[in-house]
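> Okay, handing you the structure first.
The values are calculated or read from the model by the stated rules, or taken from the named source; none is laboratory data. Quick caveat, the model's predicted, so the values are computed rather than measured. Cβ placement follows ideal geometry from the backbone for every residue including glycine, while neighbour counts extend to all protein chains displayed.
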Amino acid sequence: MFSMYQSIILFCVLFFSFHLGSARAVSRKLVTAPRSTDRLPEDDTQGNTCYLLTIGLTLQNTQDGVSSLLAMSDPDSLSYGQHWTAARVANSFRPDPASTAAVVGWMRDSGLNITQIGQSNDGGHLYVPVCVEEATRLFNRTLGYFTNRKTGGKFVGSNEFELPTSIDRHIEYIAADEGHLNPKTTKRKLQRETSSNHAVPGAIYDCNDYTTPLCLRSLYGIPEDIEPHPDNSFGIYQQAWQSWSPTDLDVFFAIFDPALKGQRPIMAPIDGGYTVDYTDTSLQIPAFYSEASLDFEYAMVLTARQNVTNIQVGDQLRNIGLGTMNSMLAAFDQYYCDSLDPDIDPQYPDDQDGGYDQPTDCGTVQPPNVISVSYTWPEANFPAEYLQRVCFEYLKLGLMGVSVVVSVSDTGTGSGILTQDKGLCLDTDSGETDALTGNFSPTFPSSCPWVTSVGGTQLASQAAGGAPIVSDDGNKDSSSSETVFNFQKTATLTLSSGGGFSNVFTAPVFQYDAIQQYKDFESDHLSNFEDRFNATGRGYPDVSALANNYLVFFNGKMRILRGSSASTPVFASIITLINNERLNAGKRPLGFLNPAIWKYPGMFNDILMGANEGCGIDPAFQANDGWDPVTGWGSPDYDRMRDTLLNLP
């Protein structure tokens, strides 16, 4: 598998000279030995045990990529809207050949046979088979087996290893994998509340009790009839076990937009992506249909006559977790396939029964103009290097003019799956996301600076003691109508809008002033728990939308769903409609949204009431004038957004 690259690598080593420098070394961690692992006994690792090392080389021009994205997304910039082609993006960040030469030379001087080294198509990764003794010479440490305390998965790693100071800058991360090992990823899915049988007649138009497409149109001013442009596109990410039923779609359409009956999402399967057989009674389980039904019923009604694509990712065996989102990114970018981590991301072909028996889909799918993602995972469950690579892929999508809209979660200042007895906060000693109290646990991909993060609100009339503010005919009162989403699920469990500050990503420059203003406004309150969060991190969400009491039809019943997983496709639908108006006016799609959002906060309804909670803090982050880390800049006003964004170049 390596021979085709040998001549390239040998050329690099001969052409570029380098100096390893002094014996000083930089300590690094292997990305496959996360915090929640225990090392197995030394005798588990034999001297003849061999691994495949994947060495991620430092990408070139990443800061130039950031600068370019900010420039083309800044409404005041002369380069606003001048998005790059996929080819330009692919060619702009390849590692410097000198990095390849330096790293290969280091391995050669450590006694490795460099004719066995392979290189990825994009030049970003080196692959080298090593045995324990060779790895010990290379890293001045012994690799070993670790077990994940949460999943039981087995990992190859080291708590710490050393790199020469002259080599450290050339390497972004190193991962080890023994071919037969197959560790599982931690499953993380957005929590939502489902109510059982709710009758449709007499309730669906009362916006004080339920959220429907009519209520959203009235509250946010969303138009009904916009002539679709052939170049407009809107995609919704789904893990493959989540599906919609044609019958359920048609019942929902019959109630809210009869003209849509018979319409279906455009399918874009990735790595064996499939839809659940809704005719199989054994698979008619509400959990299999809730998210997809919510996403497509609302997106298709709100963007009526626009095409909506179902980005369905994963086969029957590997269809849960952040790795499937990485599979989607690889399907958009043929070169990114080489960055897939064998310990986190699904690997194909998979010869197990029900597995996808074809190679990983690499660059096979054209990314739509807008992508909606209603899933989230704890930052702390993944190596920072892994998250940074994934986040950079979102930056690359922004460079190509794609808007990525993601949810924040419904677990307040924590992250993970909300259950009766499981903590969602960072243990102050171990750093694991299993503490009932402790440090706040940010969510990903919301914490990535290059996506637009959507928080949750609810009508003030739905809060305790709130007065009705939307009449039965859908007419909105002009007074403040929304507050932070906060729902008491049980006596001991509360859903509230996620939000806070990243522990991995620093705040981008366009956030500085607004974040500082929030911290100044809330200084007295924040002083009570300022040691629980990273005050210099990327603040999220950017915006928000209704998250409470959505009527959704699935598994033959009208049910209620709650959470920012509902807010996200609503906001993404609004961006899709505005993109359509721009395309009809001869302009480009909006692309990366955040600089415009943060520059023109008047496009949104500022949320002034409520707070989220979690990790032993109630209230935690509070809504306030301007941006806040629970509702962002507020909820959308379509007319104001259209007037502002349609006038941009």
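> Could you list, in sequence order, the residues of region 238-262 that are within 28 Å of the chain's Cα centre (by Cα) and not hydrophobic (A, V, I, L, M, F, W, C)?
Residues satisfying the conditions are GLN238, GLN239, GLN242, SER243, SER245, PRO246, ASP248.
> Here is a follow-up. If I ask for residues that are touching a strand residue (DSSP E or B) at 6+ places or on another chain (Cβ under 8 Å) and assigned to a loop (DSSP other than H, G, I, E, B), which ones from region 380-402 would you list?
Within region 380-402, PHE382, PRO383, VAL402 meet the criteria.
Every residue, every condition in (1) at positive phi; (2) touching a Leu at 6+ places or on another chain (Cβ under 9 Å), yes or no:
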| residue | (1), (2) |
| --- | --- |
| PRO349 | no, no |
| GLY354 | yes, yes |
| ILE371 | no, yes |
| PHE392 | no, yes |
| MET400 | no, no |
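> Hey, another quick one. Going by what's in this entry, would PHE382 be described as in contact with a Pro (Cβ under 9 Å, 6 or more places away or on another chain) and in the same structural domain as ASP345 (by TED's automatic domain parsing)?
So PHE382 fits the description; yes.
> Yes or no: region 205-217 includes at least one residue that is at pLDDT 95 or above and in a loop (DSSP other than H, G, I, E, B).
Scanning region 205-217, I find at least one residue that is at pLDDT 95 or above and in a loop (DSSP other than H, G, I, E, B), so the answer is yes.
> Next question, about the same structure. Among the residues of region 223-239, what is the count of those that are hydrophobic (A, V, I, L, M, F, W, C) and within 19 Å of SER407 (Cβ to Cβ)?
2
> Also, quick follow-up: Among the listed residues TYR278, TYR298, which satisfies the condition of being out of contact with any Lys or Arg (no Cβ under 6 Å at 6 or more places or on another chain) and over 18 Å from VAL570 (Cα atoms)? So that I can check it myself, show each step before the final result.
Working: TYR298 fails: over 18 Å from VAL570 (Cα atoms).
Checking each option against the conditions leaves just TYR278.
> Go through GLY124, GLY153 for me and flag whichever is surrounded by fewer than 20 Cβ atoms within 10 Å (Cβ to Cβ), under 19 Å from GLU385 (Cβ atoms), at pLDDT below 85 and outside the structural domain of LYS587 (by TED's automatic domain parsing).
GLY153
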